[in-house]
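Contents: one structure, followed by commentary.
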Amino acid sequence: MEWEALATVLTLLTIGVVTPGPNNITCISHSAIHGAKANKNLIFGMVVGFIIVHMIVGLLVENVEEGSTALQVLHYFGLLFIFAIALRVFTLNPAIINRAVDSKSLFSLAERTVTSVPILGFKTGLFMQFINGKEWAFVFAIMWLALEGFGGGWPGILTITAITTTGGLCAMMLWTFVGGNLVDYVSDKRRGKIVFRTLGFLLFLLGTVMALRGV
């Protein structure tokens, strides 16, 4: 395992966990309405879907032939994605975090005419992953940047999947139990800027290293 590859996985995983997305927003709002225990099957479905997405993306990246045009396209697309995300995270205004959570959460259903928000289970958590564009983009970036550093092939795919799934599971449990406090922390003007600018800088640095290294 290369340390550069491990740093890439952990940095992208951290960014995916901290910034608002379908999984963490759903965990926050669902547990707030139905209680933390109600998230058990939902999170289990998320984990299974998360693993399947990793397998699909990992195999696609692994089967791109070295020196092919497809590899060149993936390389520059991946670099563009990394630098775009780095810029977005670095300039992210902490004040929008609360708005993002409020506008996408189940609370918006409860506050309108819906009197009973159903308990979400395994199937919802599973199928959410296949329409989660943020997740597909991040998994692709992780596999493209780090798979070779983890040895490639099934060992590399399974190792990366184990790391990111473990991190994702811990994150969903954390968002379930203390999600409101985490939102308050990263939406704070001073603390939020420190968090996002640090992550943005680290991601920009990783992208620069990958650009200099070439395909």
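Out of all the residues in region 170-177, is one or more closer than 26 Å to residue 32 by Cβ, more than 15 Å from the chain's Cα centre (by Cα) and not hydrophobic (A, V, I, L, M, F, W, C)?
yes
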Practice item. Would you confirm whether any residue within region 147-158 is within 22 Å of residue 44 (Cα to Cα), at pLDDT 90 or above and not small (Gly, Ala, Ser)? Key: yes
Study note, to complete from the structure: Of the residues in region 158-208, those that are touching a helix residue (DSSP H, G or I) at 6+ places or on another chain (Cβ under 7 Å), closer than 22 Å to residue 74 by Cα and loosely packed, with under 14 Cβ neighbours inside 10 Å number 0
Practice item. Scan region 73-106 residue by residue and report those that are outside any loop (DSSP other than H, G, I, E, B), at pLDDT 75 or above and not aromatic (Phe, Trp, Tyr). Key: 73, 79, 80, 82, 84, 85, 86, 87, 88, 89
Check your understanding: Which of (1) surrounded by 15 or more Cβ atoms within 10 Å (Cβ to Cβ); (2) closer than 13 Å to residue 61 by Cβ is the odd one out, the single condition residue 152 does not satisfy?
Key -> (1)
Exercise for review: Just name the residue that is nearest to residue 134 (Cα to Cα) out of those in region 176-190 that are modelled with pLDDT of 85 or more and not hydroxyl-bearing (Ser, Thr, Tyr).
Suggested key: 177
Review point. Filter region 11-32 for residues that are out of contact with any Phe, Trp or Tyr (no Cβ under 6 Å at 6 or more places or on another chain) and at pLDDT below 80; which is surrounded by the most Cβ atoms within 10 Å (Cβ to Cβ)?
Key: 20
Check your understanding: Hey, does region 58-71 have a residue that's modelled with pLDDT of 80 or more, assigned to a helix (DSSP H, G or I), among the β-branched types (Val, Ile, Thr) and surrounded by 14 or more Cβ atoms within 10 Å (Cβ to Cβ)?
Key -> yes
Review point. For region 33-44, how many residues are part of a helix (DSSP H, G or I) and either at positive phi or buried (at least 20 other Cβ atoms within 10 Å of the Cβ) (or both)?
Key: 3
Exercise for review: Considering only region 126-149, state which residues are crowded, with 21+ Cβ neighbours inside 10 Å and in a helix (DSSP H, G or I).
Suggested key: 135, 138, 139, 141, 142, 143, 144, 145, 146
Exercise for review: Note down all Cβ pairs under 6 Å where the first residue falls in region 58-76 and is free of Cβ contacts under 8 Å to residues at least 60 places away in the same chain, the second is surrounded by 12 or more Cβ atoms within 10 Å (Cβ to Cβ) and β-branched (Val, Ile, Thr), and they're at least six residues apart or on different chains.
Suggested key: 70/64
**Study point:** Top-ranked residue of region 1-51 - restricted to ones that are without any contact (Cβ under 8 Å) to a residue 12 or more places away in the chain and farther than 16 Å from residue 170 by Cα, ranked as farthest from the chain's Cα centre (by Cα)
**Key:** 35
Point to revise | Residues (over 14 Å from residue 9 (Cβ atoms) and over 13 Å from the mean Cα position of the chain (by Cα)) located in region 132-166 | key: 152, 153, 154, 155
Practice item. Looking only at region 1-12, decide whether some residue is part of a loop (DSSP other than H, G, I, E, B), touching a Gly at 6+ places or on another chain (Cβ under 9 Å) and aliphatic (A, V, I, L, M). Key: yes
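The values are calculated or read from the model by the stated rules, or taken from the named source; none is laboratory data. What you see is a predicted model; the values in this text were computed from it and never measured. Glycine gets a Cβ as well: all are built from the backbone with ideal geometry, and neighbour counts include every protein chain shown.
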